[in-house]
1. Rank 64, 29, 97 by mean-square fluctuation in a GNM of the chain with C-alpha springs under 10 angstrom and give only the top-ranked residue.
2. If you build a Gaussian network model of the chain, linking Cα atoms that sit under 10 Å apart, which residue out of 59, 119, 104 swings the most?
3. Calculate the spin-label point distance for residue 39 paired with residue 5, positioning each point 7 Å from the Cα along the beta-carbon direction, and give it in nanometres.
4. Among 43, 128, 57, determine the one that fluctuates most according to a GNM of the chain built with springs between C-alpha atoms less than 10 Å apart.
5. Among the aspartates and glutamates, which have Cα under 20 Å from the Cα of residue 64 when same-chain residues fewer than 8 positions away are ignored?
6. Dividing the Cα convex hull volume of the range 1-75 by residue count, how many Å³ per residue is that?
7. Taking the Cα atoms only, what angle lies between the long axis of helix 2-21 and the longest principal axis of the chain, rounded to 10 degrees?
8. For residue 115, what accessible area in Å² do you get when you roll a 1.4 Å probe over the heavy atoms of the protein chains, rounding to the nearest 10?
Amino acid sequence: MLKIIAGTLAYLMVTFPLAYVWHLVLFQKTYEDLGYIDREEPIIAFGFAAILLQGIILSALYPKICAGMAFFRGAVTFALLMGGYHWTMHVLAATAKHPIAPLSTWFLLETAYLVLQFSLGTLLLAVIHRQLGASPTKLSPE
């Protein structure tokens with residue numbers, strides 16, 4: 001349970017500020033021009049809740065998916081698997097439901113964001129599972 005709580009908090013502390021700054025500061029105008037952000041006031045609490053729930057789910061899944069894997073292999077496998085899954089739900093699904101244009105800008109921005117999100121988030125999960133002991137991942141490099 002400690003690993004799930006620590007993983008959730010670490011994921012939240014990295015992902016929420018990244019998401020906020022990326023979408024609502026650095027690239028807000030671009031996202032508005034794309035047609036992705038069209039609320040006058042985004043509901044920040046919903047974004048926070050979504051990231052909190054992601055953290056809980058990812059923290060619970062990490063040891064199950066990465067059991068028996070070396071540290072680096074487990075982190076990369078998890079990032080690709082979960083990041084890829086999230087990309088299909090978030091990036092592809094949004095293009096199916098919203099008139100986002102140009103698609104090349106959308107795909108580039110959101111793919112870059114998700115690479116950062118899942119690289120950093122998964123690395124933290126791997127470190128937490130390694131540091132808190134009794135990790136299902138091997139500590140030896142591959």
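1. Answer for the Gaussian network model of the chain: 97.
2. Sorting by GNM fluctuation, first place goes to 104.
3. Inter-label distance under the simple model: 3.0 nm.
4. Between 43, 128, 57, it is 43 that shows the largest mean-square fluctuation.
5. 142
6. Numbers: hull volume 8.4 nm³, N = 75.
With only Cα atoms used, the range 1-75 gives 112 Å³ per residue.
7. Here the helix axis deviates by roughly 30 degrees.
8. 90 Å²
The values are calculated or read from the model by the stated rules, or taken from the named source; none is laboratory data. None of the values given here were measured: they were computed from a predicted structure. Here the Cβ is made from the backbone with ideal geometry for all residues, glycine too, and neighbour counts use every protein chain on show. Accessible surface is based on the protein model in full, side chains and every heavy atom, while ligands, DNA and RNA are left aside. Shrake-Rupley method; radii C 1.70, N 1.55, O 1.52, S 1.80 Å.
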